[in-house]
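To start, the structure under review is shown below, and the notes come after it.
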């Protein structure tokens, strides 16, 4: 795992590097943690090397938002974690869709929660849906599935880049615990919570702008599960 830390406080940066190396090392023994004092040289660092996680102090001479914007344009897969002494600034970071937010005064506590989230993400990413084709076995990472729809005894699995069909029922898929993060807006359809952009009235919109109707009979249960999954992000 490759991690980059940016902060303009040299003592704090050194402490953060020690803690991040320790915490992330518990789940990946090949973790490498790099630092940039004050964020200097961030363009070269982010262009020449891929980082799984980027820790950014908001209050630096080179603003954390400037680096965040560059990082997201350079690689959508880098997860941004903002650091600050001012908790009220968390609301200003939402448009970057940060992976997490760390308060300097609660460093150990917030790092512990972050590691729990990272670990859950790794476990979840190992979950796959497997199905047989005449000449091969196909495996689809469940995290990459946007939604599943069914017709009679077949289901169609949609990812951002592909479409797959399998002989199965939506009910059987719903009962599989690997799909616990999926919502059911209407009969015969399951939507991955992680791809949901918003829910407004009787419509569920995905991040790719697909819009699905929510049936009146399923809305209460859908919203209940949606709020439960939303709450898990804050744990």
Out of the residues in the stretch 180-195 meeting the condition of being without any contact (Cβ under 8 Å) to a residue 40 or more places away in the chain and either in the same structural domain as residue 97 (by TED's automatic domain parsing) or under 19 Å from the mean Cα position of the chain (by Cα) (or both), tell me which one is nearest to residue 148 (Cα to Cα). 182
Quick one: which strands (runs of 3 or more DSSP E) sit completely within the stretch 114-174 and have at least 2 residues that are touching a helix residue (DSSP H, G or I) at 6+ places or on another chain (Cβ under 8 Å)? 128-132, 145-151, 154-159
In the stretch 78-86, is there at least one residue being within 22 Å of the chain's Cα centre (by Cα) and at pLDDT below 85? yes
Return the pair list, or none, for Cβ contacts closer than 7 Å from residues in the stretch 89-105 that are assigned by TED's automatic domain parsing to the domain that holds residue 12 to residues that are at pLDDT below 85 and surrounded by fewer than 14 Cβ atoms within 10 Å (Cβ to Cβ), at least 6 apart or on different chains. 103/87; 104/85; 105/85
So which strands (runs of 3 or more DSSP E) stay within the stretch 177-217 end to end and still have 1 or more residues that are exposed (fewer than 15 other Cβ atoms within 10 Å of the Cβ)? 196-200, 203-206, 211-213
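Residue-by-condition table, conditions (1) in contact with a strand residue (DSSP E or B) (Cβ under 6 Å, 6 or more places away or on another chain); (2) surrounded by 10 or more Cβ atoms within 10 Å (Cβ to Cβ); (3) at pLDDT 90 or above:
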residue: 126; (1), (2), (3): no, yes, no
residue: 130; (1), (2), (3): yes, no, no
residue: 134; (1), (2), (3): no, no, no
residue: 140; (1), (2), (3): yes, yes, yes
residue: 145; (1), (2), (3): yes, yes, yes
residue: 149; (1), (2), (3): yes, yes, yes
residue: 155; (1), (2), (3): yes, yes, yes
residue: 164; (1), (2), (3): yes, yes, yes
residue: 169; (1), (2), (3): no, yes, yes
Are there any pairs with C-beta distances below 8 angstrom linking a residue in the stretch 22-38 that is surrounded by fewer than 13 Cβ atoms within 10 Å (Cβ to Cβ) to a residue that is at pLDDT below 95, with the two at least 6 apart or on different chains, and if so which? 26/115; 30/1
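The values are calculated or read from the model by the stated rules, or taken from the named source; none is laboratory data. The shown structure was predicted, so the numbers you read here are calculated from the model rather than taken from an experiment. Backbone-built Cβ (ideal geometry, glycine too); neighbour counts: all protein chains shown.
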